[in-house]
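The values are calculated or read from the model by the stated rules, or taken from the named source; none is laboratory data. From a predicted model like this one, the values you see are computed outputs, not experimental measurements. All Cβ positions, glycine included, derive from the backbone under ideal geometry; neighbour counts span all protein chains shown. Ligands, DNA and RNA are excluded from the accessible area calculation, which covers all protein heavy atoms including side chains. Shrake-Rupley method; radii C 1.70, N 1.55, O 1.52, S 1.80 Å.
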Amino acid sequence: MTRPTRWQKMEETSGRVKKLRHELINTTPEICTDRAILISKSYEETLSQPYILRRAYALEKILLNMGIYIHEGELIVGNLAEKLRGAPVYPEYAVDFVLNELDTFNLREADKFIISEKNKEILRQILPKWQGNTVKDAAYQLFPSQAKEASQDLICILTTLRSGVGHMIIDYKYGIDNGLLGIIKEIETLMENLDIQDPSYATKKEYYLAVIIVCKAAIAFANRFADLAQSLADSEEDPTRKKELLTIAKNCQKVPAYPAETFWEALQSFWFIHLILQLESNGHSVSPGRFDQYIYPYLKGPLEKKDEDQEFFKELIDCLWVKFNDINKVRDKVNSIAFGGYPMFQNLIVGGQTAEGECAVNELSYMCLSATERVGLPQPSLSARWYYGSPETFLSRCCEVASFGTGMPAFYNDEILIPIMLQQGYTLQEARDYAVVGCAEATVPGVSETWLPGGFLNLTKMIELTIFNGHDHVMNKQYQFKTGEVECLETFEEFKEAYFEQLSYYLKQHVACTNILDSVHGSLVPTLFESVFIHNCLENGKTSLQGGAKYNFTSPNAVSLANTADSLAAIKKFIYEDKTITWAELKVALMNNFNNAEQLRQRLLNLAPKYGNDDAYVDAIAREVVERFSKEIQKYSNPRGGKYQFGLYSISCHVLLADKVGATPDGRKQEMLLADGGVSCAQGRDKNGVTAMLKSVANLDQFKSSGAALLNVKLAPSFLKDEKGLSNFASIIKSYFMLKGQHIQFNVVDAAMLRDAQKNPEKYPLLVVRVAGFSVLFNCIDRMLQEDIIMRTEYQTL
Amino acid sequence: METGIVYNIQRFCNHDGPGLRTVVFLKGCPLRCKWCCNPESQSQYPELMHNPINCLKCGECISCCSQKSLTLTSTGLSIDRQTCNTCGICATQCCCGALQIIGKNYTTDEIVSMVLKDQEFFTNSGGGVTFSGGEPLRQSSFVLEILEKLTRLGVHTAIETAGAVAWEHFERVIPFVGVFLYDLKHIEDSAHREGTKAGNKLPLENLKKLALRHKDIIVRVPLIPDFNMDEKSILNIGLFVKEQGLKTIHLLPYHRLGQNKYKNLGKIFELEETLPPSQEQVDTISKMLQTKLKLTVIVDG
């Protein structure tokens, strides 16, 4: 029997949701100015105030004055910008790129933004005043010169230079269950009980005053929507809609000020909190976390009462799912390539275990899966947790949803992630309560400042710098750090050590910059609203960005492990073992991008072992790179008193970084992409099927990369055309997890359809595909990234 | 320890038995089916295959050939198969993988350890190993030894056979085989001979005997235009299957994916002009077997 297509599934949502979805995807994102105007005004008014209060007044001003709307048919209300899918401007982080790109945002091939002439004029007036006073400026002043050079040349990428930190999962339950008024009371008590002898009395008191201001502003923000809904209701003629608007007004009066009582109120309260976090800072990856756990209590009762309208509950979830896609962010040109497709990484995870170690799957877990299937949009980034005790029906439902090709849910393995969390120092209960931020980064909600956007290091670039002794032949530039002429490295061990020295050197530079950014974010742009929901911040009297959280980490990422392992394997085999290629020969070929050396390239490509084929020769090398990187990173600490960890994932940095690396010894030409994902093999090099590829990947010690180990797999839709394929699909995931994989996600799309979508984008307005730890609308990403997705090995049925 | 000649070991197979499987393809076949999509499986000796799509025409292979069997012509590399002794040196020198020696001897332990690489996947999917060919039962001593070892380790086993071997080869492997995938091409001897260059007395007799001895047999019928797709031929096959008390038929529609391999091996593909059956034709046959004979039919299996 043929299974329905994703398009048929998407027809199952209600007319209202279809309309909201249609409006959303047919809107070209626009740059909006309300926030920039308001924050500029506020900063001028509060010049003499302590910084922490300036932040509070700024957010207050934004929440009380920004343009708000309620669209026709909306059930969950609250907007980020004055236009649908609009992106506000956050001048406190950086203004250089906004000013430089004002006239080109609308010309971008991907991640395009329109901006009206009027708004351009406004920004040209207000933004220059920020110059010299942004996070970027403050950090640049402090960067050591070599570290700055490495980041400017993209050997390492800093992701929080022009943007907020984001990457959080706050304790939503605390906010929804208690209401902000209750929380304000708690803060007042803390303030009253402050010990006058406490040396940090002043900073703590300022902090409490500041968080009270933002909490009150959040309530006022919701009340503005209540007023708007009321006035819309007054003039509404359709009695059904009128009733809805009156309920919306009632909801917004009540939440998030008071504890939510109904399911609808809980969703609305969630949305306001989630939204304000993103008005406070533009750091992406603000992740809902274990939504099916903290929202379920509001749904359980009503679901048991058969008289309640079950279909309406579904519709509410669908409306919220559409809303997630309204959140947008404008990035600079470089970052728009590294983060292709307007991704916001709002990771929402279902299933797994409760803090007590029992199965956490409930009706809402399934309802979330169905919502993603029906709504079919890229956000929220849906994830699912699996453990030995997970019900088969849950895994099989997850597989069914994933088989429709949106790349969701992504799958996470409790059996390795819980031990990782324990090793990080979390308690058992906390560890079991882990959730995922952004792409694939596990952390414990509500207690951590994990500083997951710790940037990216290009592992393969260091191979090049080792071979050419610190000389970058692509940019024709000599770097100061040298590891010796490669011809003098007599054994592969010596070469490898030289490589690790390069790696350590650039890691050190990267950490220096990241720690500077960490301090600058803490002092210039502390996130007050966030800190209310991260435990120990209130007790400690400081925000999470200043070290108030219970747990603190920093987590940079390594990009293109596969090209690195493949290059090292080729060097080991041809230069040191077989001695059939000389360094001189290889260097010339690499410098000339293999022009006139196709035969040599083919040998490197075909006759050396490649990661992803269950071949111990190269898999051991990949494992060693991960181990050495892990050992190296453990040396470092951050300004918040936490340790460094690292992750293996690339977002779409492998596209951005590709042409920054010349031809590589694995047979890759300069114009070819670097490997996608984090632990995925290089595109098309896995020749022995999924199982062999998974064995290679699972051979890495994924305990070491506690920040993430992201694996992309592309399956041909024909593989999943029947029940047998679906059941084999589930067994692939289970087997990989038993082999100790952390994470796995699938693109189930055929190359022919993607090619057709490139030619006829209008035929596929709703084609969602997985890039890395996130899904996007295929039409929204640039050509290179589209090619990348098409090129990844598609596993056919054999 | 037994050794055998194998030309491919394919992991992650979704077909050819339950669950996820590793298929071991053995070289050598008594039949010469016109439609065969694995022409490299037919000879029981190693063969040199050249894939011109990958070839860089660098000539490296020519200089290392002691038999002087290779020449570069305007249309690409040409192999004199009369003088080539399939020593395989050229293939080891080929940088782009265009030249390959098809068929290599393995010990049973080597095969066992390669199959076991996917044990976790077998356990979770209920899959295992499938021996295919060629005709795997032509190397029954080799296959038997592997089957014994894998069965002991709890791996599910399957054999895909065309049945054209002496019964004794079946007899010895039966206790160690989870499922037989039994190819049946035609019930009429003359037609069978025309399509496969061999009569069908042996396959039919063996299937009769096997059905009495083994409960898990799936009959697989290649659907070949102008050979067995007419109603009479199909129903005769179906009836024969039913008479043996068997319930399941897999239909494998003819395809031309193996076409290039003929050229690459210096062989001729006789069905160049034959088009694969349409979805409609396949559905009609499938429906006919289901309604008239109450058989379970799976297309592609």
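Number of residues in the range A:561-592 that are polar (S, T, N, Q) and surrounded by 15 or more Cβ atoms within 10 Å (Cβ to Cβ): the value is 3. Residue count for the range A:107-139 satisfying the condition of being in contact (Cβ under 8 Å) with a residue 12 or more places away in the chain and farther than 15 Å from A:TYR43 by Cβ: 16. Go through the residues of the range A:114-122 one by one and say whether even a single one is under 20 Å from A:GLY164 (Cα atoms) and either out of contact with any Lys or Arg (no Cβ under 9 Å at 6 or more places or on another chain) or not β-branched (Val, Ile, Thr) (or both). Among the residues of the range A:114-122, not one is under 20 Å from A:GLY164 (Cα atoms) and either out of contact with any Lys or Arg (no Cβ under 9 Å at 6 or more places or on another chain) or not β-branched (Val, Ile, Thr) (or both), which makes the answer no.
When you scan the range A:235-248, do you find a residue that is of a type in the set (Ser, Thr, Tyr), open to solvent by 10 Å² or more (accessible area, probe 1.4 Å) and touching a residue at least 60 places away in the same chain (Cβ under 8 Å), even just one? So far as the range A:235-248 goes, no, none of its residues is of a type in the set (Ser, Thr, Tyr), open to solvent by 10 Å² or more (accessible area, probe 1.4 Å) and touching a residue at least 60 places away in the same chain (Cβ under 8 Å). Just one residue in the set A:LEU64, A:LEU20, A:LEU75 is open to solvent by less than 10 Å² (accessible area, probe 1.4 Å) and within 22 Å of A:PHE221 (Cβ to Cβ); that residue is A:LEU75. Restricting attention to the range A:118-166, the residues that are in a helix (DSSP H, G or I) and on the phi > 0 side of the Ramachandran plot add up to 0. Among the residues of the range B:246-255, the ones that are more than 23 Å from B:ASN38 (Cβ to Cβ) and either open to solvent by less than 50 Å² (accessible area, probe 1.4 Å) or not assigned by TED's automatic domain parsing to the domain that holds B:THR284 (or both) come to 2 in all. The residues on offer are B:ILE146, B:ILE111, and the sole one that is open to solvent by less than 10 Å² (accessible area, probe 1.4 Å), more than 11 Å from chain A (Cβ to nearest Cβ), over 24 Å from A:LEU607 (Cα atoms) and modelled with pLDDT of 95 or more is B:ILE146.
In the range B:1-87, counting only strands (runs of 3 or more DSSP E) that sit wholly within it, the ones holding 3 or more residues that are more than 30 Å from B:GLU194 (Cα to Cα) span B:3-13, B:70-73, B:76-79. The condition (being surrounded by fewer than 24 Cβ atoms within 10 Å (Cβ to Cβ), within 11 Å of another protein chain (Cβ to nearest Cβ) and in a helix (DSSP H, G or I)) is satisfied by just one residue among A:SER731, A:SER735: A:SER731. Of the residues A:GLU577, A:GLU632, A:GLU598, A:GLU624, the single one that is within 14 Å of chain B (Cβ to nearest Cβ) and among the charged types (D, E, K, R) is A:GLU598.
Per-residue answers, yes or no, for (1) modelled with pLDDT under 95; (2) surrounded by fewer than 24 Cβ atoms within 10 Å (Cβ to Cβ):
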{"site": "A:HIS654", "(1), (2)": "yes, no"}
{"site": "A:ASN699", "(1), (2)": "no, yes"}
{"site": "A:GLN702", "(1), (2)": "no, no"}
{"site": "A:ASN712", "(1), (2)": "yes, no"}
{"site": "A:LEU726", "(1), (2)": "yes, yes"}
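Counting the residues of the range B:89-108 that are assigned to a loop (DSSP other than H, G, I, E, B) and buried (at least 17 other Cβ atoms within 10 Å of the Cβ) gives 5.
Within the range B:57-71, is there a residue that is more than 14 Å from chain A (Cβ to nearest Cβ), open to solvent by 60 Å² or more (accessible area, probe 1.4 Å) and of a type in the set (Val, Ile, Thr)? Among the residues of the range B:57-71, at least one is more than 14 Å from chain A (Cβ to nearest Cβ), open to solvent by 60 Å² or more (accessible area, probe 1.4 Å) and of a type in the set (Val, Ile, Thr), which makes the answer yes. Per the conditions (1) over 20 Å from A:ILE420 (Cα atoms); (2) of a type in the set (A, V, I, L, M); (3) within 21 Å of the chain's Cα centre (by Cα), the sole criterion not satisfied by A:LEU648 is (1). Cβ-Cβ distances below 6 Å connect the following pairs, each with a first residue in the range B:5-21 that is more than 8 Å from every other protein chain (Cβ to nearest Cβ) and surrounded by fewer than 19 Cβ atoms within 10 Å (Cβ to Cβ), a second residue that is outside any loop (DSSP other than H, G, I, E, B) and aromatic (Phe, Trp, Tyr), and a separation of six or more residues or different chains: B:ASN8/B:PHE25.
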